[in-house]
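No value in this document is a laboratory result; all are computed from the given coordinates. Just so it is clear, the structure is predicted and the values come from calculations on it, not from any experiment. Positions of Cβ are generated from backbone atoms using ideal geometry, with glycine treated the same way; all protein chains shown enter the neighbour counts.
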Amino acid sequence: MNKDTFEGKWKQVKGEAQKQWGDLTNDDMDIINGEKEKLAGKIQERYGKSKEEAEKEVDRFCKDNDCQ
């Protein structure tokens, strides 16, 4: 995924991300600030997933929301 594309679309898809991962707070979203790695890290932290699982979820989310 192109990092600039993800960061550029973050404001548009942030609400969708919060719907998908409801345990992420507004503060989490501010910290993530369009960084794919931080989103995967927060998913890993909140949901107890492996790094690989979290990254796959983010990739799938981005594919579904046209932010790749």
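For region 4-27 and region 38-60, what is the separation of their C-alpha centers, rounded to whole Å?
Each part reduced to its Cα centre gives a spacing of 13 Å.
From the phi of every residue in region 46-53, what ³J(HN,Hα) in whole Hz does the Karplus formula 6.51 cos²θ - 1.76 cosθ + 1.60 yield, where θ is phi - 60° and glycine or proline is x?
Values per residue, Gly and Pro as x: 6, 10, x, 8, 6, 4, 5, 4 Hz.
Output the relative contact order of the chain, whole-number percent, from Cα pairs under 8 angstrom with separation of 6+ residues.
40 percent
What does the charge dipole of the chain about its Cα centre add up to, to the nearest 20 debye, if the Cβ of each Lys and Arg holds +1 and the Cβ of each Asp and Glu holds -1?
100 debye
If I stretch the segment between residue 50 and residue 12 completely, what's the gain in nm (0.36 nm per residue apart, minus their alpha carbon distance), one decimal?
Once the chain is fully extended between residue 50 and residue 12, it gains 11.0 nm.
Rounded to whole Å and sorted largest first, what semi-axes of the equivalent ellipsoid does the C-alpha gyration tensor of the chain yield via the square root of 5 times each eigenvalue?
Here the semi-axes work out to 16, 14, 10 Å.
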